[in-house]
1. Mind checking whether some residue in the stretch 29-36 is loosely packed, with under 15 Cβ neighbours inside 10 Å and out of contact with any Gly (no Cβ under 9 Å at 6 or more places or on another chain)?
2. How about the stretch 135-155: which of its residues are surrounded by 18 or more Cβ atoms within 10 Å (Cβ to Cβ) and either in contact (Cβ under 8 Å) with a residue 12 or more places away in the chain or β-branched (Val, Ile, Thr) (or both)?
3. What single numbered condition from (1) surrounded by 16 or more Cβ atoms within 10 Å (Cβ to Cβ); (2) among the hydroxyl-bearing types (Ser, Thr, Tyr); (3) out of contact with any Phe, Trp or Tyr (no Cβ under 7 Å at 6 or more places or on another chain) fails to hold for residue 23?
4. Scan the stretch 1-19 and report the pairs whose first residue is part of a loop (DSSP other than H, G, I, E, B) and whose second residue is buried (at least 16 other Cβ atoms within 10 Å of the Cβ), with Cβ atoms within less than 9 Å and a gap of 6+ or a chain change.
5. Identify the residue in the stretch 42-91 that is of a type in the set (A, V, I, L, M) and over 13 Å from the mean Cα position of the chain (by Cα) and, among all such residues, is surrounded by the fewest Cβ atoms within 10 Å (Cβ to Cβ).
6. So how many residues does the stretch 33-63 have that are within 18 Å of residue 15 (Cα to Cα) and not aromatic (Phe, Trp, Tyr)?
7. Give me a count of the residues in the stretch 41-77 that are within 13 Å of residue 7 (Cα to Cα) and not β-branched (Val, Ile, Thr).
8. Say we look at the stretch 7-36 and pick out the residues that are aromatic (Phe, Trp, Tyr) and within 22 Å of the chain's Cα centre (by Cα); which of these is farthest from residue 138 (Cα to Cα)?
Amino acid sequence: MEKLLQIIYGCAIQDRKCQKILYEQYYGTCLKVAFRYMDTYEQAVEVTNDGFVKIFRNFSRFEIRDRERMEIVMLGWMRRIVINAAIDYRRREKNIPEISELTQSGCEYKDDSQLSDNSLMFKELICMIRELPPVYRLVFNLHVIEGYSHAEIAKKLGIMVGTSKSNLFKAKAILQKKLNSEKSAFVTCVI
């Protein structure tokens, strides 16, 4: 805990060595967050790096109120910055295509679960989410995974609250349809 505290203080005063340590330690976590919002690995890398630039520029604003939970709070703060960087990227590039391409590497996530069934289901669910049209995937991730309200999503994305709700409803409907077809395909294979 003391080591992390030193790294945080170092980052707050723009110490390059501390910034490098923080970047190396949390790069993978931030990349996973960015990848949920982007279509390609290259875009996710760019968003992650943009996010770290913003993190380092604003680290002096990060406050430690509870030393016992400082890493959890810091990760939440970093995650929000990366999510905002992804939204900014989408806006800047006007990069919200109708349907995104899904590559095989887009479905490769490490799952530490001991049960192979859970691991398989996790990977299939991640792939199904990645196959959603980008606007639905963006709202789904912000609401279901990140816990943003529809009002917060509407404000972040510059859309109406009703549009956010509609996009979430459509995303859930698509996922439900895919899950039902997977389930029926499994039953057919077993019989």
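The values are calculated or read from the model by the stated rules, or taken from the named source; none is laboratory data. Keep in mind the model is a prediction, meaning the values are calculated, not measured. No Cβ is skipped: glycine too gets one built from the backbone with ideal geometry, and neighbour counts run over all protein chains shown.
1. Of all residues in the stretch 29-36, those loosely packed, with under 15 Cβ neighbours inside 10 Å come to 29.
Going one step further and asking which of them are out of contact with any Gly (no Cβ under 9 Å at 6 or more places or on another chain), we end up with 29.
Among the residues of the stretch 29-36, at least one is loosely packed, with under 15 Cβ neighbours inside 10 Å and out of contact with any Gly (no Cβ under 9 Å at 6 or more places or on another chain), which makes the answer yes.
2. Here is the first cut: in the stretch 135-155, the ones surrounded by 18 or more Cβ atoms within 10 Å (Cβ to Cβ) are 135-143, 148, 150, 153-154.
135, 136, 137, 138, 139, 140, 141, 142, 143, 150, 153 - these are the residues of the stretch 135-155 that are surrounded by 18 or more Cβ atoms within 10 Å (Cβ to Cβ) and either in contact (Cβ under 8 Å) with a residue 12 or more places away in the chain or β-branched (Val, Ile, Thr) (or both).
3. (3)
4. 1/70; 13/59; 14/56; 14/59; 15/7
5. Of the stretch 42-91, the ones of a type in the set (A, V, I, L, M) are 44-45, 47, 53, 55, 64, 70, 72-75, 78, 81-83, 85-87.
From what is left, the residues that are over 13 Å from the mean Cα position of the chain (by Cα) are 53, 55, 64, 70, 72-74.
On the way: 53: 12, 55: 22, 64: 14, 70: 17, 72: 10, 73: 15, 74: 20.
Looking at residues that are of a type in the set (A, V, I, L, M) and over 13 Å from the mean Cα position of the chain (by Cα), I get 72.
6. Within the stretch 33-63, residues that are within 18 Å of residue 15 (Cα to Cα) and not aromatic (Phe, Trp, Tyr) number 10.
7. 7
8. First, pick out the residues of the stretch 7-36 that are aromatic (Phe, Trp, Tyr): 9, 23, 26-27, 35.
In the following step, the residues that additionally are within 22 Å of the chain's Cα centre (by Cα) were identified as 23, 26-27, 35.
On the way: 23: 25, 26: 22, 27: 21, 35: 11 Å.
Ranking the candidates gives 23 first.
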